[in-house]
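Below is one structure; the comments refer to it alone.
The values are calculated or read from the model by the stated rules, or taken from the named source; none is laboratory data. Bear in mind that the values here come from a model prediction, so they are computed numbers and not experimental data. Ideal geometry is used to build each Cβ from the backbone, glycine not excepted, and the neighbour counts take in all protein chains shown. Ligands, DNA and RNA are excluded from the accessible area calculation, which covers all protein heavy atoms including side chains. Shrake-Rupley method; radii C 1.70, N 1.55, O 1.52, S 1.80 Å.
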Amino acid sequence: MEFNKLERFRRLMKDQGIGASVISTKHNRYYLSGFSGSSALLYIDQEKAVLVTDFRYMEQAAKEATEFTVIEHKKDIFLEISALVGEQAPDRIGFEEEDSYLFFRHLSKVAKENNADLAVVDHLIRDVREVKSGSEIAAIRSAAAIGDKGFQFMLDSIKPGMSERHIAVELECFMKREGAQDVSFETIIASGERSSLPHGVASDRILHAGDLVVMDFGCIYDYYCSDMTRTIGIGSLSDEQKEIYGIVKDAQQKALEATKSGMTASALDEIARKHICDLGYGEQFGHSLGHGVGLEIHEAPRIAGSDTTLLTQDMIITIEPGIYLDGQFGVRIEDLVCVKDHGYELMNHATKELQIIHF
Ligand SMILES: [Mn+2]
């Protein structure tokens, strides 16, 4: 479904008695206005939406931020903001506590000049961003499809003597050739004993027969992120390695099949966790099951025991259980899914059957 993001935010502001907001962080600024440049402030009240930027971005802002009036500031951007606040005279001004202390100091001065209080709005925008519009889902679907192709590319191109870093560079290059703007986070290629590090970014380690290799990667397409993990084997694997792989794969499948609108994030986490605990590896699954994905690689909700958010239609989340045996090996399998009223849309289609490359 397509919806107006700015109007949704305005409604939440109104509910909270926030007369005006000044939005400054990159992703929220892009989300609410469509402006992709690196320097601007948004001023938003119930009637006005104004983007204040400098000479360099005037043309781009006018083109991208179509719902906003674009104005240029010459010296201090907060002079323009203070004038806008002055016209509206709100009791409370919304701001993002995620921004810097310096920004907070400047905005505090604006609030004082206008006899207004400051109110945090990060959580309001987070609530809007949790549920994706049709075009956001389409962008993430495309980003996920590039990831799937990237996995196949790696299966076809991993050769004896390659290091983790070599594989990561080839993969990143491939995804950019396929249309990715960038990687969505530092590519994780963790082989052999390094695969027990849940966040083992690619190192100089050379792949060997008997290794499991955890490959966790993603890209950005049309500003939206993808995120997937596959674990593959090199040469012959032990029965224990294959058994652990099977447990993680089954836990992931169980969680996928349970996913639907109306359940809590914590209940979903519990489904995969219970399967792994019952088979004796609960202690070795030390992270949460997943997270929301959107403009940023980690967004709300968290799919964790501590997050009681109700999953709803068109939230996009990862499902990524893992088992890590310290100093030996690890397995993780991750897909992106879009939550639906009666189930889910799987956004990754790369095989999860254990792939073994024979050198
Ligand atoms: Mn992830």
Q. Taking a probe of 1.4 Å, how large is the accessible area per residue of region 1-103, in Å²?
A. 51 Å²
(Q) Over the Cα atoms of region 47-188, what radius of gyration and what Dmax do you get, in Å? (A) 22.1, 68
Q.
Charges on Cβ only, +1 for Lys and Arg, -1 for Asp and Glu, centred on the Cα centroid of the chain; of 160, 85, 30, which one is farthest towards the dipole's positive end?
A. 85
Q.
Just to verify a number: what accessible area does residue 306 come out at with the full protein assembly present, 1.4 Å probe, Å² rounded to tens?
A. 90 Å²
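Would you mind working out the accessible area per residue for region 131-357, using a 1.4 Å probe, and quoting it in Å²?
Values: 8610 Å² over 227 residues.
For region 131-357, the solvent-accessible area averages 38 Å² per residue.
Considering only protein heavy atoms and a 1.4 Å probe, what is the carbon-and-sulfur percentage of the accessible area of region 238-359?
Whole-percent figure for carbon plus sulfur exposure: 49.
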Q) Compactness ratio of region 223-274: Cα Rg over 2.2 N^0.38 Å, N = residue count? A) 1.46
**Q.** Carbon + sulfur, % of accessible area of region 5-129 - ligands and nucleic acids excluded, 1.4 Å
**A.** 48 percent
**Q.** MRE, 222 nm, helices only [DSSP H, n ≥ 4, -39500 (n - 2.57), over the chain, to nearest 500]
**A.** -11500 deg cm²/dmol
**Q.** Given 5/149; 75/112; 48/112; 176/254; 48/176, the pairs whose alpha carbons are separated by over 27 Å
**A.** 5/149; 176/254; 48/176
Q: Throw me the Rg/Rh for region 131-357, computed over C-alpha atoms with Kirkwood Rh, two decimals.
A: 0.95
Q: Show which lysines lie in cross-link reach of residue 260 when reach means a straight Cα distance below 22 angstrom and same-chain residues fewer than eight apart are skipped.
A: 132, 249, 274, 340, 352
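Please figure out what share of the DSSP beta bridges in region 5-129 is antiparallel and state it in percent, rounded to the nearest 5.
45 percent
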